[in-house]
Each structure stands twice: as structure tokens, then as C-alpha cells.
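Every number here is computed from the coordinates shown, using simple stated rules; none is lab data. Owing to the predicted nature of the structure, the values given are computational and were not obtained by experimental measurement. Because the Cβ atoms are built from the backbone with ideal geometry, glycine has one as well, and the counts that use them run over all protein chains shown.
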Amino acid sequence: MWGPEGLDEVEAELLGPPEDLKGKDVLEIGAGAAQCSRWLSAQGARPVALDISHRQLQHALRIGGAFPLVCADAGALPFADASFDLACSAYGALPFVADPVLVLREVRRVLRPGGRFVFSVTHPIRWAFPDEPGPEGLSVSASYFDRTPYVEQDDEGRAVYVEHHRTVGDRVRDVVAAGFRLVDLVEPQWPAWNTSEWGGWSPLRGNLIPGTAIFVCVRD
Ligand SMILES: C[S@@+](CC[C@H](N)C(=O)[O-])C[C@H]1O[C@@H](n2cnc3c(N)ncnc32)[C@H](O)[C@@H]1O
């Protein structure tokens, strides 16, 4: 699943036709509970699920799957050059790092020539709107161009949640600066079957403004 709209890889085929996934080495970045790796493994691929959070990987372990779980920072991947055929990330790591080019360079390094990296992030336009599912979430309240990160702090003033904003242009430049060729930018439309409301996500907003941006990159 690439994002809250519900676009899944069976429908999107952004990593290529499912039958071609068989036997492929795939790195999942910011895997969380490793849902994508579990699906990839069921297609006959050989996924490795990586996340910086030990707690998330404990959930992945509890749910199960016959693939390795790796606790590491996406900006310092513990793999040799050219170890993977494909890489993917559904909202993993990239929205949360101050230096996305570092992560993109690392992913490019561990991909074999011809390999693809497909990643989804919050669509940059969402930065300008309140994170509300109702009509209040439809009026611009902040500058799209303001790159100040969103930060939540604990009682001691330590940052416990940080999300970094990049404009669409920033994301394209990041991909190119890391040496990738951008082959597609997918903006999934909210489908009629999805009636769920969750956080700032809703059919009302989803029908009017994009919520997810999926970048399809190739390492030539
Ligand atoms: C929004 S969750 C997405 C999880 C999963 N991909 C999914 O679709 O449900 C973001 C994940 O990125 C991980 N993450 C954040 N920064 C990271 C980093 N620098 N390196 C690796 N993982 C990171 C978080 O721990 C979290 O599990």
C-alpha cells in the first residue's frame, strides 16, 4: 500500500509486473511493521525490511515473515554497494530526515545498475493546509514555501516527532542530485470505495487535493 488513499502495488505495478518480482532482492526503507516486505515475500521476492525503530521491528517480528529485519538509519545503510535489484518505501524515513539526499544517495549506492527506487511521501501541497479531514482542511493556512519542520516536543523540550517539508521542486532536485533518473511522479486520486476518515485524511479532501506523492526513480 503506497498511502492512505489505498493505492496498492497490485494495481500500481510501480516496481514492475508482479511476476518479475520473483527472486529479486528488494530493500524496504522505513519498513515499520514490514507490511510491504511481507507482500513482496509472498510474490517470491527476497525482501530486507529496514527501520531505525527497534520497536517497529518488534511488531514486524510479532506479525512474522521469512525475511531479515535490519535496525539501521536509512542515511547509513549497512549493505555493500549493488546489493539489491529494487528498493521501496511507503512513507518511510524520507519525510522525517533533514537530509533526504543522503538517504537517496545511500539507496542508489546499494542498488544494482538498472534498479528502481519507488518511494511515497506526503504530497508537498498538504503543507499549506490544516491537517483536518473536514472543510477546515480545505483552506490554505500556511505557506507552501515555508521549509520550517513540524516538531512535537516532550515535557523536557526534546523533539519526539519531526516532519520535514520539501516542495515538489525540492523533491525532484533531491532525486536528481542523488544521481537517480526520475521516471514518474504518481499522485493517487482518492478512490470511491475508500470511505475512511483518519487524521487529516478523508474522501472530502482526497477528492479535491492530492495527499500522497510517489516518486519512481531509476539508477542507470
Ligand atoms: C510512517 S511510518 C511508515 C511505515 C511503513 N512503511 C508503512 O507503510 O506503514 C515511517 C517509518 O520510517 C521509520 N524511519 C524514520 N526515520 C528513519 C530513518 N532515518 N531510517 C530508517 N527508518 C526511519 C520510522 O521508524 C517508521 O517506522
Quick one: in the range 36-65, of everything that is touching an Asp or Glu at 6+ places or on another chain (Cβ under 9 Å) and either polar (S, T, N, Q) or in a helix (DSSP H, G or I) (or both), which residue is nearest to the ligand (Cβ to nearest atom)? C36
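Looking for something in a helix (DSSP H, G or I) and either away from the ligand (no atom under 15 Å from the Cβ) or within 23 Å of V162 (Cβ to Cβ) (or both) - is there at least one such residue anywhere in the range 1-17?
Yes, some residue in the range 1-17 is in a helix (DSSP H, G or I) and either away from the ligand (no atom under 15 Å from the Cβ) or within 23 Å of V162 (Cβ to Cβ) (or both).
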How do the pairs read when you match residues in the range 143-169 that are outside any loop (DSSP other than H, G, I, E, B) with residues anywhere that are charged (D, E, K, R), using Cβ under 7 Å and keeping only pairs 6 or more apart or on different chains? Y150/E163; V160/E152; V160/D154; Y161/E152
Condition (residue is more than 23 Å from A159 (Cβ to Cβ), in contact with a Leu (Cβ under 9 Å, 6 or more places away or on another chain) and more than 13 Å from the ligand (Cβ to nearest atom)) applied to the range 91-110: is it met by at least one residue? yes
If A72 satisfies all but one of (1) closer than 20 Å to R108 by Cα; (2) touching a residue at least 24 places away in the same chain (Cβ under 8 Å); (3) within 12 Å of the ligand (Cβ to nearest atom), what's the number of the condition it fails? (2)
So in the range 89-105, with the set limited to residues that are assigned to a helix (DSSP H, G or I) and touching a Phe, Trp or Tyr at 6+ places or on another chain (Cβ under 8 Å), which one is nearest to P149 (Cα to Cα)? L94
Collect the residues in the range 53-64 that are surrounded by fewer than 20 Cβ atoms within 10 Å (Cβ to Cβ) and in contact with a strand residue (DSSP E or B) (Cβ under 8 Å, 6 or more places away or on another chain), keeping them in residue-number order. S53, H54, L61
